[in-house]
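K.L.:
Before I ask anything, here is the structure I am working with.
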Amino acid sequence: MLDYNSDHYCPAYKKVIAADLCYDSLCCLTGMFKVESTKELKEIPDIEEARKICKECPYSDLNGGLDEWDGNLD
């Protein structure tokens, strides 16, 4: 399972980012917030490409994969 509270590599930023920045960026890139509200997104030259990358990233699944979990703990 992913640790949503730890720093991790972001393929959109192409570097390790904090969990808070991941969440803020996800909200911006999916249209919940304005892109301008997260200043770090200015580092990304192609926001449309970042949207695609973010959508495919496992960290963008805020269900933590539980929607795909079969209930088995083994």
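The values are calculated or read from the model by the stated rules, or taken from the named source; none is laboratory data. As the structure is a computational prediction, the values presented were derived from the model and not from experiment. Cβ coordinates were reconstructed from backbone atoms using ideal geometry, including for glycine residues, and neighbour counts include every protein chain displayed. Note: areas computed on protein heavy atoms with side chains; ligands, DNA, RNA excluded. Shrake-Rupley method; radii C 1.70, N 1.55, O 1.52, S 1.80 Å.
K.L.:
Name the single residue, out of those in the range 44-64 being charged (D, E, K, R) and modelled with pLDDT under 95, that is nearest to Asn5 (Cα to Cα).
P.N.:
So, considering only residues that are charged (D, E, K, R) and modelled with pLDDT under 95, the one nearest to Asn5 (Cα to Cα) is Asp61.
Yes or no, residue by residue, for (1) in a loop (DSSP other than H, G, I, E, B); (2) under 9 Å from the mean Cα position of the chain (by Cα):
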position: Ala12; (1), (2): yes, yes
position: Asp20; (1), (2): no, no
position: Met32; (1), (2): yes, no
position: Leu41; (1), (2): no, no
position: Glu48; (1), (2): no, no
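K.L.:
A follow-up question, please. So Asp67 ticks every box in (1) part of a loop (DSSP other than H, G, I, E, B); (2) open to solvent by less than 80 Å² (accessible area, probe 1.4 Å); (3) modelled with pLDDT under 95 but one. Which box is left unticked?
P.N.:
Condition (2) is where Asp67 drops out.
K.L.:
May I pose another question? Of these, Met32, Met1, which one is aliphatic (A, V, I, L, M), open to solvent by 100 Å² or more (accessible area, probe 1.4 Å) and touching a residue at least 24 places away in the same chain (Cβ under 8 Å)?
P.N.:
Only one candidate qualifies: Met1.
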